[in-house]
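A short worksheet on the structure shown next.
Bear in mind these aren't lab numbers, they're just calculated from the coordinates by the rules spelled out. Predicted model only: the values in this text are computed from it and were never measured. Reconstructed Cβ throughout: ideal geometry from the backbone, glycine too, with neighbour counts over all protein chains shown.
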Amino acid sequence: MSQRVARAQEVAREVLGETIQNLKDPRVGFATVTGVRMTTDLRQARVLVSVLGTPEEEERTMAGLRSAAPYIRSELGRQVRLKYLPELTFELDRRAQTAERVESLLREIHLEER
């Protein structure tokens with residue numbers, strides 16, 4: 001990955017995270033942008049989002065984000081100078097839940113060995 005893409009991803013992550021925190025949509029719960037993966041031409045961006053809550057709250061939040069994508073994209077364009085404004089695709093990032101589950105299983109195994 002080029003330095004230009006890495007820099008654009010990091011700046012986009014910061015701006016998108018702030019923008020999402022300030023959304024007024026009641027469907028959007030506690031969401032954190034955990035990463036942004038852009039194509040090398042910067043025309044497409046996968047926005048990884050971690051959502052705190054039940055599966056229903058996760059789905060409502062993702063629906064709210066998809067609905068607000070044009071506004072979020074325009075905010076990104078307003079705050080960041082890019083030749084092309086990337087199309088945004090929101091994806092649920094479950095790495096935190098997976099890590100928590102693995103840790104829980106390891107604790108159980110450790111307790112059983114005693």
**OP:** Pick out, in residue order, every one of the trypsin sites (Lys or Arg not before Pro) in the range 23-83 that is DSSP loop and has at most 13 other C-beta atoms within 10 Å; say none if there are none.
**Re:** LYS24, ARG43, ARG81, LYS83
**OP:** Could you give the spread of the C-alpha atoms of the range 3-112 along their three principal axes, from largest to smallest, in whole angstroms?
**Re:** 57, 36, 17
Subject >> Gap separating the Cα centres of the range 58-114 and the range 1-32, nearest whole Å >> reply: 10 Å
Original post:
What residues have an amide H closer than 5 Å to that of GLY35, excluding those fewer than 5 places away on the same chain, when H is modeled at 1.01 Å from N in the peptide plane?
Top reply: LEU48
**OP:** Taking amide H positions as placed in the peptide plane 1.01 Å from N, state which residues far from GLN44 in sequence (5 or more) or on other chains have amide H under 5 Å from it.
**Re:** THR39, GLU87
